[in-house]
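Here the structure is laid out as structure tokens; the discussion comes afterwards.
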Amino acid sequence: MNIKESLSVAMEGLAANKMRALLTMLGIIIGVSAVITMLALAGGASGKMMSQIQAMGTNVLVVMSGQSRSGAVRGGFGSMPTLKLADSQMILVKCPAIAKVAPEVQTSAQVKYRNKNTNTTILGTTPDYLSVRNYRLAKGHSFRERDVDSSRKVALIGPTTAKNLFGKATPVGKTISIKGMEFQVLGLLKSKGTSGFGDPDDQIMIPVTTAMHRLMGSTNIRSINCQAQSMALMDRGTSQITKLLRRRHKIATGADDDFQVRNQAEIMEMANETSKVFTLLLGGIAGVSLLVGGIGVMNIMLVSVTERTREIGVRKALGARRADIQWQFLIEALVLSTTGGVLGILLGMVASLILSKATGLNAAVSMGSVALSFSFSMLVGVFFGYYPARSASLLDPIESLRYE
């Protein structure tokens, strides 16, 4: 008996029990769709994470101030003020791999405009912060270096803060009150969207000297944002900054740094590794459901062999070989798993599209995940269909004809 005849006999056997065949395929359908959907969501989450990191700026190195220490307990980096404004100025002058530098201080404060008020982040920095951290202006203009030099009370406002204070009206040119001091709003920042790193839209930027001298009464800065000349020069920039600050801070050879340089490329690499683990985890969990579907195929095929024992005896008595019987049941299992795989792919695509819109993730279905899940569903059919098919081929024809 050739493959075409075996396929015809197998289809007739499945058509005789349509509901049972459909319920058997359901396990494969759910398994394949789960694999495709989970991999699509993992890919979307990974893409969003990477875009959020890139939105923080390109070729960025962040120098954080040191750790505070109380006995054996250490605080996080930035908890002990060790950086000065002069450090940022010297980095720009003495480190050739660095193109731009933007020092940063932060505090929280209540901001008022007429009868409205909101509590938000006040970020003190320099004009270069916008380009280093990839900010854009929707309206107005940024403050300038002369505003930093003279500690002027001017501000750039984020869209969320602007909405809380001004509603739909433009904030540019208006005067707001921060800790009882009046600041003129020069510009409105474009929205960057919320992220796991805080809400960059809910903040106000002012000159770093204004924040240090007028609001915080501090002589230290929290961090220094540095933009390398290129991605290839980020490691060199890290080395140059480290050597310069150790020399400026008079740190002895062998002693720990009182600062930390964070490399954006390292952050992206760590995020990429995390997303790979996340993808494997989700794919593995979804793969278990496909495995369970394969066990369902084996179970139904064994039931089918038992129910059709007499038919197998008749076919063998009429000259069917073991290979013919084996092919018949193996093809039945393959038809179940392949059809379930195709339906599962369609369901997975629909589910990915729905979840993509619901979660805001760009959960696009890749051809790789489709090929992987479909191939796995066929392997499940062969693997779990082989034992029932072999069992059917080994039945004794005489005993099979006596079977009731």
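Side notes on the structure shown:
- Between R390 and Q89, the distance separating the two model label sites (each 7 Å from Cα on the Cα→Cβ line) works out to 8.1 nm.
- Ligands, DNA and RNA excluded, the heavy atoms of V297 present near 0 Å² of accessible surface to a 1.4 Å solvent probe.
- Ordered by solvent-accessible area of protein heavy atoms (1.4 Å probe), largest first, the residues S373, S46 come out as S46, S373.
- Förster-model FRET efficiency, 25 Å R0, R321 and A15, C-beta, rounded to 0.05: 0.55
- Here the calculated FRET efficiency for S218 and A255, from their Cβ-Cβ distance with R0 = 25 Å, stands at 0.50, rounded to the nearest 0.05.
- Here the Karplus relation 6.51 cos²θ - 1.76 cosθ + 1.60, evaluated at θ = phi - 60°, turns the backbone of segment 94-111 into coupling constants of 9, 10, x, 6, 9, 8, 9, 9, 9, x, 8, 10, 9, 7, 10, 7, 7, 10 Hz, with x for every Gly and Pro.
- For the set K192, K243, solvent exposure ranked by accessible area (probe 1.4 Å, protein chains only) runs largest to smallest as K243, K192.
- Solvent-accessible surface (1.4 Å probe) assigned to S230 amounts to roughly 40 Å².
- The share of accessible area on segment 156-282 that comes from carbon and sulfur is 53 percent, using a 1.4 angstrom probe.
- Straightening the chain between R136 and R247 buys 36.4 nm, computed as 0.36 nm per residue apart minus the Cα-Cα spacing.
- Count Lys and Arg as plus one, Asp and Glu as minus one, and take only other residues whose Cβ is under 13 Å from that of A255; the net charge is then 0.
- Note that segment 149-160 has calculated 3J(HN,Hα) couplings of 4, 9, 6, 6, 8, 10, 8, 10, 10, x, x, 5 Hz, one per residue in order, obtained from phi through the Karplus relation 6.51 cos²θ - 1.76 cosθ + 1.60 (θ = phi - 60°); glycine and proline are x.
- Taking label points 7 Å from Cα along the Cα-to-Cβ direction, K357 and R236 give a separation of 5.0 nm.
The values are calculated or read from the model by the stated rules, or taken from the named source; none is laboratory data. Since we're looking at a predicted model, the values are computed, not measured. Positions of Cβ are backbone-derived with ideal geometry, glycine not excepted, and every protein chain shown enters the neighbour counts. SASA here: full protein model, heavy atoms, side chains in, ligands and nucleic acids out. Shrake-Rupley method; radii C 1.70, N 1.55, O 1.52, S 1.80 Å.
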